[in-house]
Amino acid sequence: MRGVLNRLVRILSALTVLILSTACTYGARAVPTPTFNYIFTPSLISLKIEPGSLPDAQVGADYEAEIRVSDNATPVNNAAISSGTLPAGLELVFVDHVDGAKISGVPEEKGTFTFTVSFSCFSTMVIGQTGEKDYVLVVK
């Protein structure tokens, strides 16, 4: 009886080794790494920049005008004066997490100032939108 039992244990051991080696050989096939083909498409919608015009300013008086951006697919990440200049004493202020910017300060000189404000948006699954608007600011 012992001989039969020993033979059975050896047969079962051999089968176990065979099954495990087969599972390791065929079960451990390399899984291909997926290749993501991200195609960033441009947004077909133009940025909407408002207001259409800025209120007049007064020399020596506090001034603040908000410029808002809408129709953006991703948040605005930058605002800048791309051409022209603001009057001395005023600056364009961009704040993260706000779709727009402010012109604020105390103007120090009279005149008519022409400038362009440019905005850009993050590129997250789309090509980042950009837009600009020309403004004229009269300081009395």
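Please give the number of the condition G60 fails out of (1) over 19 Å from K48 (Cα atoms); (2) assigned to a strand (DSSP E or B).
(2)
When the residues of region 47-57 are filtered to those that are in a loop (DSSP other than H, G, I, E, B) and either touching a residue at least 40 places away in the same chain (Cβ under 8 Å) or under 15 Å from the mean Cα position of the chain (by Cα) (or both), which remaining residue is nearest to G128 (Cα to Cα)?
Filtering region 47-57 down to residues in a loop (DSSP other than H, G, I, E, B) leaves 47, 51-56.
So of that shortlist, the ones also either touching a residue at least 40 places away in the same chain (Cβ under 8 Å) or under 15 Å from the mean Cα position of the chain (by Cα) (or both) come out as 47, 53-54, 56.
On the way: L47: 11, S53: 25, L54: 26, D56: 32 Å.
Among those that are in a loop (DSSP other than H, G, I, E, B) and either touching a residue at least 40 places away in the same chain (Cβ under 8 Å) or under 15 Å from the mean Cα position of the chain (by Cα) (or both), it is L47.
Could you tell me which of the residues V98, V117, V93 is β-branched (V, I, T) and in a loop (DSSP other than H, G, I, E, B)? Write out each step before concluding.
Values: V117 fails: in a loop (DSSP other than H, G, I, E, B); V93 fails: in a loop (DSSP other than H, G, I, E, B).
The unique qualifying residue is V98.
All but one of (1) closer than 17 Å to I45 by Cβ; (2) of a type outside the set (A, V, I, L, M, F, W, C); (3) part of a loop (DSSP other than H, G, I, E, B) hold for E109, so report the exception by its number.
(1)
Hey, can you tell me all the residues within region 73-109 that are on the phi > 0 side of the Ramachandran plot and modelled with pLDDT under 95?
Once the filter is applied, which keeps residues that are on the phi > 0 side of the Ramachandran plot and modelled with pLDDT under 95, region 73-109 yields H97, G100.
Looking only at region 67-90, count how many residues are part of a loop (DSSP other than H, G, I, E, B) and closer than 18 Å to K48 by Cα.
To start, the set of residues in region 67-90 that are part of a loop (DSSP other than H, G, I, E, B) comprises 71-75, 85-89.
Imposing the further condition that a residue be closer than 18 Å to K48 by Cα reduces the set to 71-75.
Residues that pass the stated criteria total 5.
Select from region 111-140 the residues that are small (G, A, S) and in contact with a strand residue (DSSP E or B) (Cβ under 7 Å, 6 or more places away or on another chain) and write down the one among them that is farthest from A88 (Cα to Cα).
Filtering region 111-140 for residues that are small (G, A, S) and in contact with a strand residue (DSSP E or B) (Cβ under 7 Å, 6 or more places away or on another chain), the one farthest from A88 (Cα to Cα) comes out as G128.
The values are calculated or read from the model by the stated rules, or taken from the named source; none is laboratory data. Only a predicted model underlies this, so the values are computations on that prediction, with no experimental measurement involved. Neighbour counts run over all protein chains shown; Cβ positions are idealised from the backbone, glycine included.
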